[in-house]
Amino acid sequence: MRTEEKCFRELIELCRSPGFAHAIAMFCFRDNWIGFKDRMTGQLIADKKTPQRLVRTEIASLIGGLLARDRGAV
């Protein structure tokens, strides 16, 4: 079994890979954008709540991994 520290190191390495900033931008758009035609409803917002959606703290962790100076920083 991997340690939590090893998981974070691997995540940071992934976040620093070429083009990952574009993936983060896609997550931000996909998980925070709510489109509507006539008016915003509570149902539209409720429908966005899925297990696949990243919450703000998860996206912030990915951005932090992207910006980490030291590849081993946790």
Checklist entry - How far, in degrees from 0 to 90, does helix 56-67 lean away from the longest principal axis of the Cα atoms of the chain, to the nearest 10? => result 40 degrees
Checklist entry - Using a basic spin-label model with each label point 7 Å from the Cα along Cα→Cβ, how many nm lie between L67 and D31? => result 1.7 nm
Item to check | Extension gain (nm, one decimal) between R2 and I45, 0.36 nm per residue minus Cα-Cα | outcome: 11.9 nm
Checklist entry - To the nearest 10 degrees, how steeply does helix 4-15 sit against the main Cα axis of the chain, on a 0 to 90 scale? => result 70 degrees
Item to check | the chain: angle of helix 20-32 to the longest principal axis, Cα-based, in degrees nearest 10 | outcome: 30 degrees
Checklist entry - To the nearest 0.05, how large is the calculated FRET efficiency for R16 and Q52 if R₀ is 30 Å and r is the Cβ-Cβ distance? => result 0.80
Checklist outcome for this item: Summing -39500 (n - 2.57) over every DSSP H run of at least 4 in the chain, dividing by its residue total and rounding to the nearest 500, the 222 nm mean residue ellipticity is -17500 deg cm²/dmol
Checklist entry - Tally Lys and Arg at +1 and Asp and Glu at -1 over the other residues with C-beta under 9 Å from the C-beta of I34: what net charge comes out? => result 0
Item to check | Cross-link partners of K49 among aspartates and glutamates (Cα-Cα below 17 Å; sequence separation of 8 or more within a chain) | outcome: D31, E58
Checklist entry - Rounded, prolate or oblate: which fits the chain, taking a ≥ b ≥ c as square roots of the Cα gyration tensor eigenvalues, rounded meaning a/c under 1.5, else prolate when a/b beats b/c? => result prolate
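Read-outs throughout are calculated quantities, based only on the coordinates presented, and are distinct from any laboratory measurement. Just so you know, these numbers come straight off a predicted model, no measurement behind them. When we count neighbours, we look across all protein chains shown, and the Cβ atoms used for this are built from the backbone with ideal geometry, even at glycine.
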